[in-house]
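Below: the structure, in structure tokens.
The values are calculated or read from the model by the stated rules, or taken from the named source; none is laboratory data. For clarity, every value in this text was computed on a predicted model and none was experimentally measured. Cβ coordinates were reconstructed from backbone atoms using ideal geometry, including for glycine residues, and neighbour counts include every protein chain displayed.
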Amino acid sequence: MLNWTEYRKKLFGRIGEIGKLSPDTLKGYQTLSSAAQKNDLLGAKTRELISLAVAVSLRCDGCITVHTAEALKQGATREEIAEALGVAVAMNAGATMVYSARTMDAVAAYSAEASA
């Protein structure tokens, strides 16, 4: 497994390099990242739990390390994090069922074309 603390430090270093080379890219990202916090209706902990579920779904190690540290800082427990990850697993399984149905629809369409 990764050394998540060290990875996070190295990641921030590389992102800093990108910021020096392309400051508008980093500024745009920071604006987008902070936009969801403006109203604060969900609260920081809930936003971080959602972020972890999305991070797992996107398979983003950088997102995982950043949002795990933030979720813990915001008071998320191991159990709350596990529940959020369980939602991600369920949603991803549901998405595969939907896309499986779409694939079978494509099979039916191609089969109908072939027999016409």
*Tell me, yes or no, whether region 46-58 has at least one residue that is farther than 15 Å from residue 5 by Cβ, loosely packed, with under 14 Cβ neighbours inside 10 Å and touching a residue at least 12 places away in the same chain (Cβ under 8 Å).*
no
*Tell me, which residue of region 16-37 that is touching a Lys or Arg at 6+ places or on another chain (Cβ under 9 Å) and in a loop (DSSP other than H, G, I, E, B) is surrounded by the fewest Cβ atoms within 10 Å (Cβ to Cβ)?*
37
_Need pairs with beta-carbon distance below 9 Å; first residue in the same structural domain as residue 53 (by TED's automatic domain parsing) and within region 78-92, second outside any helix (DSSP H, G or I) and of a type outside the set (S, T, N, Q); sequence gap 6+ or separate chains._
84/76
*In region 1-34, which residues are among the aliphatic types (A, V, I, L, M) and under 23 Å from residue 88 (Cα atoms)?*
1, 2, 32
